[in-house]
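The values are calculated or read from the model by the stated rules, or taken from the named source; none is laboratory data. If you're wondering where the values come from, they're calculated on a predicted model, not measured in any experiment. Note that we place each Cβ from the backbone using ideal geometry, even for glycine, and neighbour counts take in every protein chain shown.
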Ligand code: GLN
């Protein structure tokens, strides 16, 4: 089995070691004998719906976001088609913001978004920085926690009826007020959580891999063999405790 990953703007959107999420996908696939191919998708590259099982985009400073935003906006329809076709997506922070309608940045400039996620973002006066812990339910009746680190000026507002990724237990989340973090549309997930995110949230890495494999085989998410995640669970516990101790405090 093989998972084809499309890594959007790896040279522009990669802060807080966000690239590490790709390494986690690669390792957790390899430990199960699954091949993972990663192709960079940059400015001017086309998105061919169906060509990738999983799209990944990391975070970035306002300056880097502004450099790629017009190009990503042009890719919006094709990306939305890919998501409608069952491709999985993980979008982190600056990448998450630009999958919405727009991002009005700290300078007041409006960066166009891809319109894949039902949300928009406006930068505030202060940055929301610190450890964050959320609870989410990607499978009906199965509550899991996600722990990570957030650092953003953007306040993200979900459109009416949009599904957040999770409920904030500790930290700021989308806007520091709604009590929600991230956004989900089918197999497409957006979040403010860096770290990188996946080393300390192995279940989330597996959930995305399983969805991507489902796309690769043209069906439901594939059930993956469990891995021994002792270190990952310890990292999750430490990160969760840090969020409890100091998340959401300015
Ligand atoms: N530049 C955006 C903001 O400040 C995103 C930051 C990030 O990706 N960490 O909100």
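Structure above, values below:
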| item | result |
| --- | --- |
| Members of segment 64-105 found to be within 15 Å of the ligand (Cβ to nearest atom), touching a helix residue (DSSP H, G or I) at 6+ places or on another chain (Cβ under 6 Å) and touching a residue at least 60 places away in the same chain (Cβ under 8 Å), listed by number | 72, 90, 94 |
| Filter result for the condition that a residue is without any contact (Cβ under 8 Å) to a residue 60 or more places away in the chain, surrounded by 19 or more Cβ atoms within 10 Å (Cβ to Cβ) and within 22 Å of residue 189 (Cα to Cα), over 212, 221, 243 | 221 |
| Which numbered condition residue 34 fails, given (1) farther than 18 Å from residue 97 by Cβ; (2) without any contact (Cβ under 8 Å) to a residue 60 or more places away in the chain | (2) |
| Hey, residue 228 in contact with a helix residue (DSSP H, G or I) (Cβ under 6 Å, 6 or more places away or on another chain), part of a loop (DSSP other than H, G, I, E, B) and more than 17 Å from residue 149 (Cβ to Cβ) or not | no |
| Residues of segment 111-144 satisfying the condition of being over 15 Å from the mean Cα position of the chain (by Cα), touching a residue at least 60 places away in the same chain (Cβ under 8 Å), farther than 19 Å from residue 18 by Cβ and surrounded by 13 or more Cβ atoms within 10 Å (Cβ to Cβ) | 123, 144 |
| Condition broken by residue 193, with the remaining ones in (1) surrounded by fewer than 23 Cβ atoms within 10 Å (Cβ to Cβ); (2) in contact with a strand residue (DSSP E or B) (Cβ under 7 Å, 6 or more places away or on another chain); (3) more than 25 Å from residue 108 (Cβ to Cβ) satisfied | (1) |
| Test: residue in segment 145-164 that is buried (at least 17 other Cβ atoms within 10 Å of the Cβ) and over 30 Å from residue 125 (Cα atoms) | no |
| Single condition residue 108 does not satisfy, out of (1) within 16 Å of the ligand (Cβ to nearest atom); (2) at positive phi; (3) in contact (Cβ under 8 Å) with a residue 60 or more places away in the chain; (4) surrounded by fewer than 18 Cβ atoms within 10 Å (Cβ to Cβ) | (3) |
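Here is a yes/no grid of residues against (1) farther than 22 Å from residue 173 by Cα; (2) modelled with pLDDT under 95:
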| site | (1), (2) |
| --- | --- |
| 48 | yes, yes |
| 52 | yes, no |
| 72 | yes, no |
| 79 | yes, no |
| 83 | yes, no |
| 89 | no, no |
